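**Q** Okay, here's the structure, questions in a sec.
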Amino acid sequence: RRVLAVGTAVAVCVVIPLFARDYNVASSPPARALTGERVGAAPDEEIGANGVPASLDRTAMYEELYSKLGYHKFLSLSHTVPLVKRNVNGFYRGKTVREATHVLDVGCSHGLAVKEMWKWGYCSRGIDLSPTAVKMAIEHRFAPVETKRRCGADEPFFKQGSAGAIPYPDRFFHAIVSADVLEHVPEGLVHQMVKEFTRVATQHLFFRIATQPEGEIIRHGMGGKANEGFVGRLRGTARQAETLHETVHGYDWWAVRFNSTGHWSCSQVWVKLFKSKEPSSDAASADVAGGMRAGADAMGRPASEIGIECRRI
């Protein structure tokens, strides 16, 4: 097991010994049966090849989207790159610190963000549900020789896998980054996803999460037509879907899922309002009284996306 060094997130980059990998987190192999909260899955439901109950496994649906319907076909577009620039790079500063930092992109798609993180010095890797997405990443993103040497070639840089069953060893990463992915995770799988993030990450989580259904985002003129179109096209196949945004909640709901483990302290770092092109770090999101499931800012204006950072405690 590797022992690495990372720096503190201050302007002056100082390398200090890392002992974070000694966190007392129960080992949970990727294919283990679920325990605890199992919303949407029968207690005795068989665990499939991806380590999650069959009713919560969306591998076939996203493979259909990638392999036949052109999902994420534009290799120059990434939702994760702006998140890394805005939040991850703001914490891990300096070449020495980043070279000692292992980052996992959950829902990496064609791997552009992983490639960009290599350029910035990180030991980055990615997973995606779709085998076609992983194939795209492997074919189009080539780790530099120096990155392979420094980061180790014993584990592939791209793997097929679920957020609920991450195919990497315990405490393998310092940070997880995931953009516009968590809302796609079935709500019944969120509990296991949180356990998996806790198992493999020792320092930080960085998220960008949509807080509205696709149709609501379209109604407010904020895009979303692509997802809505893919849902319609899926209805003509064996992979039926009413929405790709299966878990639509605001910051408070997500914070409880991570903070309640006792391993994470999460905070909202920005909120993107409807009709706004740029995220705002001033707006405070909350689940609004009256049964609204999605976020809003302090003035009650609805949010379309939120940025969340979680620190290991």
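The values are calculated or read from the model by the stated rules, or taken from the named source; none is laboratory data. Everything numeric in this text was worked out from a predicted model, so none of it was measured. Cβ atoms come from the backbone with ideal geometry, glycine included; neighbour counts cover every protein chain shown. Ligands, DNA and RNA are excluded from the accessible area calculation, which covers all protein heavy atoms including side chains. Shrake-Rupley method; radii C 1.70, N 1.55, O 1.52, S 1.80 Å.
**Q** How much length, in nm to one decimal, is gained on full extension between Ile313 and Leu69, taken as 0.36 nm per residue of separation minus their Cα-Cα distance?
**A** Taking 0.36 nm per residue and subtracting the Cα distance, the gain is 83.6 nm.
**Q** Using a 1.4 Å probe on the protein heavy atoms only, what accessible surface does His79 show? Give it in Å² to the nearest 10.
**A** 90
**Q** A further question follows. Using θ = phi - 60° and the Karplus relation 6.51 cos²θ - 1.76 cosθ + 1.60, list the HN-Hα couplings for the range 137-145 in order, rounded to whole Hz, with x at every Gly or Pro.
**A** 5, 5, 6, 10, 10, 10, 5, x, 4
**Q** Distance from the Cα centre of the range 170-219 to that of the range 119-167, in angstrom?
**A** A separation of 18 Å, based on Cα centres.
**Q** Let me ask you something else. Evaluate the distance, in nm, between pseudo-label points positioned 7 Å from the Cα of Val145 and of Thr243 along their respective Cα→Cβ axes.
**A** Computed distance between label sites Val145 and Thr243 equals 5.1 nm.
**Q** For the range 51-130, what % of the accessible area comes from carbon and sulfur atoms, probe 1.4 Å?
**A** 55
**Q** Here is a further query. Ile176's amide H: which non-local residues (gap 5+, or another chain) put their own amide H closer than 5 Å, with H modeled 1.01 Å from N in plane and none for Pro or chain starts?
**A** Leu104, His204, Leu205, Phe206
**Q** Report, please, the projected area of the range 51-147 averaged over directions, based on the convex hull of its C-alpha atoms, in nm².
**A** For the range 51-147, the mean projected area of the Cα convex hull comes to 7.0 nm².
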